Structures are given as C-alpha cells and as structure tokens.
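A.B. asks: I have a structure I would like to understand better, so I am pasting it below and will then ask my questions one at a time.
The values are calculated or read from the model by the stated rules, or taken from the named source; none is laboratory data. Quantities reported herein were computed from a predicted structural model and do not represent experimental measurements. Counting neighbours? That spans all protein chains shown, and the Cβs are built from the backbone with ideal geometry, glycine included. With ligands, DNA and RNA removed, areas are computed over all heavy atoms of the protein, side chains included. Shrake-Rupley method; radii C 1.70, N 1.55, O 1.52, S 1.80 Å.
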Amino acid sequence: MGTQWLKVLREQWIRAKYERKEFTEPGRQLPYSNGLKEGILWKRGRDNGQFLPRKFLLSERDGCLKYFAKPEAKEPKINIKIDTINATFQPVKIKNPNGLQISYLKDNKTRNIFLYHEDGKEIVDWFNAIRAVQVHYLKVAFPVASDNEVRDHLRKFLKEGYMEKTGPRQREAFRKRWFTLDRRRLMYFKDPLDAFAKGEVFVGSREHGYSVKQGLPAGAQGGFSWQYGLTIVTPDREYLFTCETECDQQDWIAAFTWVVEQPMTPQEYASKCQDGAHFSPPAPAHQPHNREN
C-alpha cells in the first residue's frame, strides 16, 4: 500500500492551511468538529461490487455512524457503534484517490464497507469527523487515559497483502488469500474488497503463548508456490503461511513480532476469550461462503 493513502490527507491539509485559512482564525469551528455530519457517499455493494450513492449520518450524541439505503428512509440500513469503527484510506484497494474503508465489528466478526467521494475535502472531513467523535468517546469512556493511549486506539492497519495459507492438518494445498492485520485481529479474504472475512484469528502476546517464526515446520506437506514461509504459533495450533518475496516475509514477521511483544489489555483478553484462537467462518445469513480451515 505504501504511503499513497497519505496523499489525499496531505493535499487537503495544505489546502486547509493556505487556501481555506482554517487554522488562522481564532475560534473558527472546523467542519468536522461539531460531532454531527450528514451527507452522501458512494458505497460499494456488498454482493455486486457496484458503487451507489448512500446517505450517511454520524452522531456524537448517539455514538454511532448510520447509513440509509435511500435518502428519504427513516430507519438506517446499518447502525454502527463508534467504538467498533476503524477508518482507513484505501486509494489503491478501492482504485479511487478518495477511497475510504470503514471496518467495524458485527456479531464479533469484522465487516468492511468501502466508500469514496468525488471531492477530496469531503472524504477527509468524514475521516476527521469519525476520528473526532471517537476521541470524544474514548476520553469519556477512559477519562484517566493519556493522549497517547487514546491515539493508540485510532490506528491504521498494521499490514495488508497477499500470502498463501494452508489448513490445520498442514497437508492441504496452500491457497492465495488477502490478509489484513488490524492490531490483534488477523483476517483473510478471498478478494481484498470482500465485505466479510472468510476467517479471523486472534494474535495474542508472547506471555500468553504466541510467537512468530521464520520458515515452515519440517513436517509441512501442503503444496505451495511461494517459497518464503512463516509460522504463527498460538496455544492451540500453528498457522502456516508463505510469501511471494523475502521482503514480504520479513515485513509480515516484523508486524507479527510487534503485536506479540505488546502486553494484552483487559479488553483484548476479553475479546480473545469470546473470539477463540482459530480462523472461524463469519456468521451465516449475510451471504453464502465456502468454509475454509
């Protein structure tokens, strides 16, 4: 992904400072700082992949982000709690310079929504508005938390990209999948723009029995086409992956190492107990999936 997601932020910061003079007028309220935002964003369909205009409403008072299938609809299609949201710019993945990905938890599984707006300022305003509401929520929920601790909750994905994976018996053929590491959640998708992960695994800390190793176990028998392996060790099993290049392998190892070296918070430990340690299929009833190990 590189730093392409920074381009729209950098451009809009320069425009805000030098064209719109947003930072030079004392007391001026910024367009994303009043805790309420409403507007139309182009949303990718969950099943058909078509982008259509949808009304979105962000409310600090209600602590949620809603979207409506029709502008005149009174009831939202989805009501997303602000404390479960992660917003990240995704220009490459969405193939739009103003692409934004909203990820949130639904039934303890991750759901992705892909959005864009024709105007770079508008998508940046949405991003900043979501972050501002999240900061307010976190400061209320954790009044003794430091600014650094609050910022730690507002994160981009640690790592994304393709790897090959095999199943728990370590004899199945390795399959190419798109992986996303969002703090302690490792998710895999058949396609980078899938709404739901085909599986997720919790990556805990070293003190709880998690680690990452370069290479594959000697007994691994599944056929793979990529030669640069790595192994994620959990208390329950080992997860085997291969990468296309040595650079990819080392980047993934560095990302996993950083995660396992971080102490687990009480909230993360509770999430692990709820979620389990295995790749698990998302809840049915949303869309059909072929179960994978």
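A.B. asks: Scan the stretch 71-102 residue by residue and report those that are among the charged types (D, E, K, R), under 18 Å from TYR116 (Cα atoms) and either part of a helix (DSSP H, G or I) or open to solvent by less than 20 Å² (accessible area, probe 1.4 Å) (or both).
C.D. replies: Within the stretch 71-102, just LYS93 meets the criteria.
A.B. asks: If you don't mind, another one. In the stretch 176-194, which residue that is touching a Lys or Arg at 6+ places or on another chain (Cβ under 6 Å) and in contact (Cβ under 8 Å) with a residue 40 or more places away in the chain is nearest to GLY219 (Cα to Cα)?
C.D. replies: Once the filter is applied, the top-ranked residue is TYR188.
A.B. asks: Take the conditions within 30 Å of TYR162 (Cα to Cα) and at pLDDT 95 or above and apply them to TYR104. Does it pass?
C.D. replies: When the stated conditions are applied, TYR104 does not pass them.
For every residue, the table says whether it meets (1) open to solvent by 20 Å² or more (accessible area, probe 1.4 Å); (2) on the phi < 0 side of the Ramachandran plot; (3) more than 22 Å from the chain's Cα centre (by Cα); (4) among the hydroxyl-bearing types (Ser, Thr, Tyr).
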| site | (1), (2), (3), (4) |
| --- | --- |
| THR180 | no, yes, no, yes |
| ASP191 | yes, yes, no, no |
| ASP194 | yes, yes, no, no |
| ALA197 | no, yes, no, no |
| VAL203 | no, yes, no, no |
| HIS208 | yes, yes, yes, no |
| LYS213 | yes, yes, yes, no |
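A.B. asks: If you don't mind, there's one more thing I want to ask. Taking the stretch 112-132 only, how many residues are closer than 26 Å to GLU200 by Cβ and either assigned to a strand (DSSP E or B) or at pLDDT below 90 (or both)?
C.D. replies: Total satisfying the criteria: 6.
A.B. asks: For the stretch 215-224, enumerate the residues that are open to solvent by 80 Å² or more (accessible area, probe 1.4 Å) and either of a type outside the set (A, V, I, L, M, F, W, C) or under 19 Å from VAL259 (Cα atoms) (or both).
C.D. replies: The answer is GLN221, and nothing else.
A.B. asks: Among the listed residues VAL140, VAL201, VAL212, VAL150, identify the single one that is touching a helix residue (DSSP H, G or I) at 6+ places or on another chain (Cβ under 8 Å) and either at pLDDT below 95 or not in a strand (DSSP E or B) (or both).
C.D. replies: VAL150
A.B. asks: May I pose another question? Inside the stretch 225-268, can you point out the residues that are assigned to a helix (DSSP H, G or I), buried (at least 16 other Cβ atoms within 10 Å of the Cβ) and free of Cβ contacts under 8 Å to residues at least 40 places away in the same chain?
C.D. replies: Correct list: GLN249 only.
A.B. asks: State all residues of the stretch 45-61 that are part of a strand (DSSP E or B) and either of a type in the set (Gly, Ala, Ser) or under 20 Å from the mean Cα position of the chain (by Cα) (or both); if no residue qualifies, say none.
C.D. replies: Residues satisfying the conditions are PHE51, PHE56, LEU58, SER59.
A.B. asks: Please identify the pairs in which a residue from the stretch 121-138 that is within 12 Å of LEU58 (Cα to Cα) has its Cβ atom under 7 Å from the Cβ atom of a residue that is open to solvent by 40 Å² or more (accessible area, probe 1.4 Å) and not in a helix (DSSP H, G or I), counting only partners at least 6 apart or on another chain.
C.D. replies: Once the first residue is within 12 Å of LEU58 (Cα to Cα) and sits in the stretch 121-138, its partners that are open to solvent by 40 Å² or more (accessible area, probe 1.4 Å) and not in a helix (DSSP H, G or I) give ASP125/PRO31; ASP125/TYR32; ASN128/TYR32; ALA129/TYR32; ALA132/TYR32; ALA132/SER33; VAL133/GLU60.
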